[in-house]
Amino acid sequence: MKTLKTLRKGMDKVLSSACFVIFAFMVCIGTYQIVVRYFFNSPSTVSEELLTYSFTWMALLSSAYVFGKKDHMRMGFVADKLNGKKRLILEVVIEALVLAFAVIVLIFGGIRIMNLTMTQVTASLGIPMGTVYTVVPLSGVLIVVYTVLNIIDLCTGNIRLSESEETQDEGAAK
């Protein structure tokens with residue numbers, strides 16, 4: 001179990017650092033783009049593409065990170081009404097559905113689109129579009145790892161199901 005926690009913490013640190021670096025890069029490139037466009041009246045197409053593709057990478061890597069931290073938005077109106085074993089089963093089923101989505105859409109679909117677009121190059125940067133799409137299966141793999149860790153945590157009781165369940169338990173204890 002300690003190895004799994006270490007793996008999760010390591011992934012969290014790498015992903016948060018990567019997102020930070022990409023965001024800082026975007027701020028620098030965005031500032032450059034504004035300066036050359038408004039002060040020198042010479043817009044840069046390279047910076048436009050860099051911002052677009054950097055934003056795509058940051059969005060997908062951030063979604064994997066947020067999913068791993070279990071800080072994503074969710075509609076809990078059904079799950080919040082369940083307790084105990086029923087709640088655990090529902091949470092595991094939800095994680096299994098996310099796992100299936102990540103494998104089918106993000107990994108397999110991402111690899112297909114990546115392979116299909118390797119011969120196309122971007123207009124300004126001249127890099128293969130497949131390189132840009134690499135983030136799709138990468139984020140899929142990250143989400144799969146996080147999902148497996150979440151299922152293990154749920155089954156071993158190492159994860160809180162919700163804060164509302166804790167408050168219900170406290171109210172029952174009084």
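Rundown of residues vs (1) open to solvent by 40 Å² or more (accessible area, probe 1.4 Å); (2) at pLDDT 95 or above; (3) within 14 Å of G68 (Cβ to Cβ), yes/no style:
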site	(1), (2), (3)
L99	yes, yes, yes
T117	no, yes, no
N150	no, no, yes
R160	yes, no, no
E166	yes, no, no
- M11 passes all but one of the listed conditions (1) at pLDDT 95 or above; (2) open to solvent by 70 Å² or more (accessible area, probe 1.4 Å); the exception is number (2)
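Please verify whether D80 is modelled with pLDDT under 90, at negative phi, of a type in the set (D, E) and open to solvent by less than 70 Å² (accessible area, probe 1.4 Å), treating the condition exactly as stated. Outline the logic, then answer.
Details: modelled with pLDDT under 90: yes; at negative phi: yes; of a type in the set (D, E): yes; open to solvent by less than 70 Å² (accessible area, probe 1.4 Å): yes.
Taking the combined requirement at face value, the residue satisfies it.
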- Task: Look through V66, V36, V46 and report the one residue that is surrounded by fewer than 15 Cβ atoms within 10 Å (Cβ to Cβ), at pLDDT below 95, assigned to a helix (DSSP H, G or I) and of a type in the set (A, V, I, L, M).
- Result: V36
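Are any of the residues in the range 69-76 under 22 Å from P128 (Cα atoms) and either modelled with pLDDT of 90 or more or of a type in the set (D, E) (or both)? If you could, list the steps in order and put the result at the bottom.
First, the residues of the range 69-76 that are under 22 Å from P128 (Cα atoms): none.
There is no residue in the range 69-76 that is under 22 Å from P128 (Cα atoms) and either modelled with pLDDT of 90 or more or of a type in the set (D, E) (or both).
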- Failed criterion for V21 (all others in (1) open to solvent by 50 Å² or more (accessible area, probe 1.4 Å); (2) part of a helix (DSSP H, G or I); (3) over 27 Å from P137 (Cα atoms); (4) not polar (S, T, N, Q) hold): (3)
- Task: Report yes if S16 is surrounded by 14 or more Cβ atoms within 10 Å (Cβ to Cβ), more than 21 Å from E95 (Cα to Cα), of a type in the set (G, A, S) and under 19 Å from the mean Cα position of the chain (by Cα), otherwise no.
- Result: yes
- Task: For the range 91-105, state whether one or more residues are touching a Gly at 6+ places or on another chain (Cβ under 8 Å), assigned to a helix (DSSP H, G or I), of a type outside the set (K, R) and more than 25 Å from T6 (Cα to Cα).
- Result: yes
- Within the range 123-133, residues being crowded, with 18+ Cβ neighbours inside 10 Å and part of a loop (DSSP other than H, G, I, E, B) number 1
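The values are calculated or read from the model by the stated rules, or taken from the named source; none is laboratory data. The structure displayed is predicted, hence computed values, not measured ones. FYI the Cβ positions are ideal-geometry reconstructions off the backbone, even for glycines, and counts take in every protein chain you see. Accessible surface areas use protein heavy atoms only, side chains included; no ligands, DNA or RNA. Shrake-Rupley method; radii C 1.70, N 1.55, O 1.52, S 1.80 Å.
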